[in-house]
1. Roughly how crowded by other chains is peptide B:108-114, in terms of the mean Cβ count from those chains within 10 Å of each of its Cβ atoms?
2. Taking R0 as 51 Å, what FRET efficiency do you get between residue A:4 and residue A:402 from their Cβ-Cβ distance, rounded to the nearest 0.05?
3. Return the distance in nm (one decimal) between the two label points of a simple spin-label model at residue B:132 and residue A:665, each offset 7 Å from Cα along Cα→Cβ.
4. Along the Cα-to-C-beta direction of residue A:221, a point sits 7 Å from the Cα; which residues of segment A:354-385 have their amide N less than 18 Å from that point?
5. So how far apart, in nm, are the two label points at residue A:34 and residue B:95 if each is 7 Å from Cα heading toward Cβ?
6. Can you give the FRET efficiency to the nearest 0.05 for residue A:439 and residue A:419, using r as the Cβ-Cβ distance and R₀ = 25 Å?
7. As a test of the formula, what do you get for chain A when each DSSP H run with n ≥ 4 contributes -39,500 (n - 2.57) and the sum is divided by the residue count, at 222 nm and rounded to the nearest 500 deg cm²/dmol?
8. Please sort A:203-211, A:504-512, A:65-73 by packing, taking for each peptide the average over its residues of neighbouring beta carbons within 10 angstrom, highest first.
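Values quoted throughout were computed directly from the atomic coordinates according to the rules given, and no laboratory measurement underlies them. Here the structure is a predicted model, which is why all the values come from computation and not from measurement. Methodologically, a virtual Cβ is constructed for each residue, glycine included, from the backbone with ideal geometry; neighbour enumeration extends over all protein chains shown.
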């Protein structure tokens, strides 16, 4: 009954979104405001309609209505109510619906807030955004419907899933569901998927505005960039949080001692982040100097295509095998949609190529402009390398028939040098002035950070001669850190001497006066912290493994692990837990008990290794229970990792969030930002929609 | 192959003597030392470079399936039999195909995975260089045209330049 209401509501939402798309394009094309108005009303209604469907799925999950195939698939009686609710985005059907729901929510906010500001763009903003929404709702309705039921044909071995009763089939309600994939039964489930989806869908808004600007010919002005600036930041920070939470989840759940494995699913998320970050930067060039306008368009088109591609990769399983692609209509539908929107956007861009002329010229290769262009190139090069490495196994399988693996060594070797230069640019770019930079001044500005970083590196290098690579890494980190600190110090000193403020007030006012700039620096500091964590992971990570009898010890670095015993007990969520008790010693001194576990999910027949971690600011000791001799519990295998500096990765993530909050903080009207762009477009008659 | 560390000269005769004695008296023990069971760390060092042949995207050293345990045991046996690292990896490639390699090869079609990003970076640099240069040359053109608008005196231009600089 509830599910039927959800299904009806979903179908109406689909009709409304299709109507909104058509009506808004028609209204824009014929300049008929009443059609656009009507499209707006229809779009606003899509969110409440989808909310009803989402609530219906949540309710069905909560009461365990196993007649629904989706509920039987991702929930089970053994799962806690909390996990049953998160199962909304635990499988394909639910997560596509969830995507559409968030998208519709964003669209409703846009239409309620920005309606009067960009009247000319609105018809096409609605059209483009609702086309995307309609696609996702359409996929939910026709291909991967969460309200599909299980049916049984007399004599058939397998169950059929269909929304309506097929002729001759009997409804089938299983006693219990399969339950969520054990790896997803974790508290992180509440954070990582929703933030990722918020990030993915958030980028649709700037994309829709960009396309609207192209269609109306308003791309000459950069109004769309100003309107969507905060949207872009919000989308970006959610995607960033999603990536960090994903890394943390991998570290806590996947049991291999790391947080980033260059897995296709991780890469699929990383790709739009890379182009989105490049977009955030190139937009600054347009705002400050009226340059890189075509580039912005290309980047936002790429970001949009890659967010849909990311959903495609994570939801169709195409990467694990070409054969998974053909199993359902979902893969082809996504591929066609990505292809059509990508080609459509590009041809639109080329038809408006002339409106996107740069308003200023490059005055010197030695300028912030040139650094920005180089930085954008690096982001794109990394994007290409990651994309190519991610899809290459597929291409190889299609072309030569051999399956190959493109693992972490490839990505580290190819993107490592590019990241090195990128982080270096991050440190020096603020020292370059817009337009042109005198080499002598630049040298003077860099001298102190450079010499100081050399000093630090020399001292470090002397104590860590074993790892030459780490010396380069540490030089990079210390140089960029000092360069950013110098920027802060310059501003502080000016305020403290000029206005005789105390350091804290000066810092607060400095950030308050130009929060975008200093917020950006704080984000950069966060990146530097993360790089430090990556250096620890790349060069100083240690691991060892051994089988121990009770009382025996395993040694790694200054830490010693003593195995005390093993016990098993039934756990929650339908798992059998085997838990080892061990004692951790540092330099012979007892620190604490560690209890690494192996949870066996009986229904899924799947083991999950739960690490025990002793975390300090300097390093994590990460212990895994690898195995034990069946029957006689006297020889147990442990794997022990020493992960130095890893906590800088998470701290860096927090700094990035803080920096984004500072940067996105609404500006007070007094400080209107300086821009060198003189708008010729404003002086001329506005080009009409039709021309 | 790692080279053996040379043994300090004065120790050599002593060591030889000790070995001879050990060999003559405890021949069994010497054989045992040569075929001692490889440690888990030695096994993992090799398994790390391989991917599980059956599960998607899982390195062999962390894979938890029974099949992977058996493969790790196989690596241990091969090490015990004195196989080199290369030989073991080659064995897995011939047995299960190229997909067991964490790092893709550099021969044949697979070379494309390495080559294309490099080409892309070079191409990108070339394009950026061209674009930057064209921006520069357009500026040269503008300087010429600005000569025909003599209303702005060089001093004022200079002041504007200076103030623009200070705005940042």
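1. 6
2. Working from the Cβ atoms, E equals 0.55.
3. So the label points at residue B:132 and residue A:665 sit 3.5 nm apart.
4. Answer for this model: A:355-359.
5. In this crude label model, residue A:34 to residue B:95 measures out at 7.7 nm.
6. The value I calculate is 0.40.
7. So the calculated ellipticity at 222 nm is -20500 deg cm²/dmol.
8. Taking the mean over residues of other Cβ atoms within 10 Å, the ranking is A:203-211, A:65-73, A:504-512.
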